[in-house]
Amino acid sequence: MMENKKNRRDFLNTCFRFAAGASIVGVAGVLAAKSQKGDFLWQLDPAKCTQCGRCATSCVVTPSAVKCIHVYDMCGYCDLCGGYFRPNVKNLSTGAENQLCPTGAIKRSYVEDPFFKYEIIDELCIGCGKCVKGCGAFGNGSLQLQVSHDLCVNCNQCAIARDCPSDAFSRVPIEQAYKFAGFKTNKKI
Amino acid sequence: MKKSLAFISLLIFFVGMEFAAFSQQQRFPKPEFESGYTQPVTSMPVPRDGMFALLDVLVLIAALSLITWFILKKRSRTGVVAISIFSILYFGFFREGCVCSVGSVQNVVLALFNPGYHIPLSALAFFVIPLIYTLFFGRTFCAGVCPLGAVQDVFLMRPVTLKKWLQKVLGLIPFIYLGLSVLYAATATDFIICRYDPFVGIFRFNATFFMFAIGAAFLLISIFIARPYCRFFCPYGVILNLVSRVSKNHLTITPSNCIQCRLCESSCPLDAINKPVEVKQMEDKRSATRRFILLSLIIPALMIVGGWTGANFHENLAKVNSKVRLADEMLHFDSKTMKESLEIEGFRTSGKPVEQLYLEASNIVKQFYYGGWILGAFIGLVIGLALSGLSTYRYREDYTPDKGDCVSCARCLKYCPVEKD
């Protein structure tokens, strides 16, 4: 009797084991068919970005993995840079009271007569997007926020993506790790 | 005539707009430099190489194989501790707690429900491989390969036993947590397991104070109560628990035959050792039948009540979804008295019609309605099965590990005096 019962339990166990194994393999098979090799990364689309400033605060990494990246090919090398200077600035000098960046992360240097070069110091940039807003409003929009992949820990669900009010974050394949918006058209000024 | 004039003026207006857009494109064209200035390269820091994902999977397989060998063949607790420390260092501090099997549940669910999402192969491997090992060898993954389990395990110093009823009640939380995380992953709302992972902040040395406090609290508790997160929260542990119950070669306390010396009786910090039943006594047929009828009434009733409750709460559950929240905000927005929130501003800028947003949001709410039914029914089923498990009589002769709850930490092994024959 006892032996019998034990056999029955063993048999049931084996059945369940095969059922569990089959379902694991089944799920794995279905998903493997639509899986993609290589990791996905989080990136934001500057065309959708409204520079709300949440990139600076929502990231799990401090300071944020989102940085301002300068697309030099789009830059007009303006003397009066909308991304560098506060609005209605009195004189175009590098004084801290004139700068838009709260951390002084943009380096302005003279190139030749009316032109100035602007460089982002990555270590200082907090990804607040103030300069991006300024440049987009007044200039060419060559300053753009991007997830810097050497800093991003690639969370399973990006904490900024959850908080982004304009739905600008998405998973991108590793081959297209950066998404620069082309020349800006008549965006809200 | 008037009509055509209007048309032409409209045409001119549009052409003008186009021109405006075009001229704005080159508002300040890049200058031609004469001083031989070379432009710096736009910095695009490279991401971590994709090959590392493969390395992670290989390390996972190696660690799982090694720890299984330590547990089942060598029967060595020292080996388990060694692998635990390695896992904390590699999967924890080096890989910063991502990719992890616990969170991969959500990737799998999202991939199953959302055709637009492609699951990375490494996440799929992290979900499936521990399950396969568990199916054959029990929860050896929990024993020391999972960095979350390992970090709690090394903290355990003065284990206390919780009351049985408390264990059973707290043991229901992981099922609810699993249900919720599946619901939120399936609706592409959020990955709550990752969001409230208590140890990832510690692994990264970087977290909000709130999450860090939770992590520290869990570690403090795990000095006294073995693996609080694993037993009372971990959603992946639920799946492993179920799979482990039918595992083929689960760890046994004794390498040979149990001599009922009772030495191992209180050795398990997780209270996962089943004691032998003293008197062999079978439940009489009448009471067994009554119990069966009662349970087959109670369980469906619990499922229906649970499902109904879940469906009633579906709007509250859906509030977590950002689209639903935005639609709700838009609905109650009054431009005269209220200041525009960032969300509303962002939505306005995107130029999407409000109707589309409302439609999408109502679809999501509808998904949550069905999801609420399923989640509630699932919780009802779990409670019902827990009741049935409590009321079933099981005859046992020897001290055996509870295959579901046992995480194969191998602490009990050294208590057994029986030599391998």
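The values are calculated or read from the model by the stated rules, or taken from the named source; none is laboratory data. Predicted, not measured: the structure shown is a model, and the values here were computed from it. Methodologically, a virtual Cβ is constructed for each residue, glycine included, from the backbone with ideal geometry; neighbour enumeration extends over all protein chains shown.
Condition first: within 27 Å of B:E345 (Cβ to Cβ), out of contact with any Ser or Thr (no Cβ under 7 Å at 6 or more places or on another chain), assigned to a helix (DSSP H, G or I) and of a type outside the set (A, V, I, L, M, F, W, C). Can you find one or more residues in region A:175-188 that meet it?
No, region A:175-188 contains no residue that is within 27 Å of B:E345 (Cβ to Cβ), out of contact with any Ser or Thr (no Cβ under 7 Å at 6 or more places or on another chain), assigned to a helix (DSSP H, G or I) and of a type outside the set (A, V, I, L, M, F, W, C).
Using the structure shown, decide if B:A143 is in contact with an Asp or Glu (Cβ under 9 Å, 6 or more places away or on another chain), crowded, with 23+ Cβ neighbours inside 10 Å and more than 14 Å from chain A (Cβ to nearest Cβ).
It is true that B:A143 is in contact with an Asp or Glu (Cβ under 9 Å, 6 or more places away or on another chain), crowded, with 23+ Cβ neighbours inside 10 Å and more than 14 Å from chain A (Cβ to nearest Cβ).
Specify the residue that is nearest to A:L145 (Cα to Cα); the eligible residues are those in region A:48-64 that are at the interface with chain B (Cβ under 10 Å from one of its Cβ atoms) and of a type outside the set (S, T, N, Q).
Selected residue: A:C49.
Those residues that are at the interface with chain B (Cβ under 10 Å from one of its Cβ atoms) and of a type in the set (G, A, S), I need them from region A:30-46; list them, please.
Of everything in region A:30-46, those that are at the interface with chain B (Cβ under 10 Å from one of its Cβ atoms) and of a type in the set (G, A, S) turn out to be A:A32, A:S35, A:G38.
As an exercise: evaluate A:Y77 against (1) more than 7 Å from every other protein chain (Cβ to nearest Cβ); (2) hydroxyl-bearing (S, T, Y); (3) within 15 Å of A:C135 (Cα to Cα) and give the number of the one condition it does not meet.
Here A:Y77 clears every test but (1).
Residue by residue through region B:83-126, note down the ones that are under 22 Å from B:F199 (Cα atoms) and out of contact with any helix residue (DSSP H, G or I) (no Cβ under 8 Å at 6 or more places or on another chain).
Across region B:83-126, the qualifying residues are B:L89, B:F94.
So, in region B:86-102, exactly how many residues are in a helix (DSSP H, G or I) and either within 14 Å of another protein chain (Cβ to nearest Cβ) or surrounded by 15 or more Cβ atoms within 10 Å (Cβ to Cβ) (or both)?
Adding up the residues that qualify gives 10.
Give the residue, chosen from B:Y393, B:Y399, B:Y370, that is closer than 28 Å to B:N241 by Cα, in contact with a strand residue (DSSP E or B) (Cβ under 8 Å, 6 or more places away or on another chain) and not polar (S, T, N, Q).
Exactly one of B:Y393, B:Y399, B:Y370 is closer than 28 Å to B:N241 by Cα, in contact with a strand residue (DSSP E or B) (Cβ under 8 Å, 6 or more places away or on another chain) and not polar (S, T, N, Q), namely B:Y399.
Tell me which of these A:E119 doesn't satisfy, since it passes every other one: (1) surrounded by fewer than 24 Cβ atoms within 10 Å (Cβ to Cβ); (2) in a loop (DSSP other than H, G, I, E, B).
Failing condition for A:E119: (2).
Out of B:I344, B:I293, report the one residue that is under 26 Å from A:R162 (Cβ atoms) and among the β-branched types (V, I, T).
Checking each option against the conditions leaves just B:I344.
If the requirement is being modelled with pLDDT under 95, crowded, with 19+ Cβ neighbours inside 10 Å and under 26 Å from the mean Cα position of the chain (by Cα), which of these qualifies: B:C264, B:C268, B:C234?
Matching residue, one of B:C264, B:C268, B:C234: B:C268.
Report whether or not B:P130 is crowded, with 24+ Cβ neighbours inside 10 Å and touching a residue at least 12 places away in the same chain (Cβ under 8 Å).
Against the criterion (crowded, with 24+ Cβ neighbours inside 10 Å and touching a residue at least 12 places away in the same chain (Cβ under 8 Å)), B:P130 qualifies.
Just give me the residues in region B:150-186 being in a helix (DSSP H, G or I) and of a type in the set (D, E, K, R), in sequence order.
Correct list: B:D153, B:K164, B:K168.
How many residues are more than 7 Å from chain A (Cβ to nearest Cβ) and either small (G, A, S) or exposed (fewer than 11 other Cβ atoms within 10 Å of the Cβ) (or both) when one looks only at region B:333-350?
Qualifying residue count for the region: 6.
Does any residue of region B:53-61 turn out to be under 30 Å from A:D122 (Cβ atoms) and outside any helix (DSSP H, G or I)?
No, region B:53-61 contains no residue that is under 30 Å from A:D122 (Cβ atoms) and outside any helix (DSSP H, G or I).
Anything in region A:111-134 that is within 18 Å of B:F28 (Cα to Cα) and either within 10 Å of chain B (Cβ to nearest Cβ) or touching a His at 6+ places or on another chain (Cβ under 8 Å) (or both)? List them, or say none.
A:V111, A:E112, A:D113, A:P114, A:F115, A:K117, A:Y118, A:E119 - these are the residues of region A:111-134 that are within 18 Å of B:F28 (Cα to Cα) and either within 10 Å of chain B (Cβ to nearest Cβ) or touching a His at 6+ places or on another chain (Cβ under 8 Å) (or both).
Identify, by number, the condition in (1) in the same structural domain as B:I176 (by TED's automatic domain parsing); (2) buried (at least 21 other Cβ atoms within 10 Å of the Cβ); (3) not small (G, A, S) that B:V324 doesn't meet.
Of everything listed in (1) in the same structural domain as B:I176 (by TED's automatic domain parsing); (2) buried (at least 21 other Cβ atoms within 10 Å of the Cβ); (3) not small (G, A, S), B:V324 misses just condition (1).
Please go through region A:19-29 and give me each residue that is more than 16 Å from B:N107 (Cβ to Cβ), at the interface with chain B (Cβ under 9 Å from one of its Cβ atoms) and surrounded by 12 or more Cβ atoms within 10 Å (Cβ to Cβ), ordered by number.
Those that are more than 16 Å from B:N107 (Cβ to Cβ), at the interface with chain B (Cβ under 9 Å from one of its Cβ atoms) and surrounded by 12 or more Cβ atoms within 10 Å (Cβ to Cβ): A:A20, A:G21, A:V25.
Let me spell it out: the conditions are (1) within 14 Å of chain A (Cβ to nearest Cβ); (2) surrounded by 16 or more Cβ atoms within 10 Å (Cβ to Cβ), and B:V277 meets all of them except one. Which number is the exception?
Among (1) within 14 Å of chain A (Cβ to nearest Cβ); (2) surrounded by 16 or more Cβ atoms within 10 Å (Cβ to Cβ), the lone unmet condition for B:V277 is (2).
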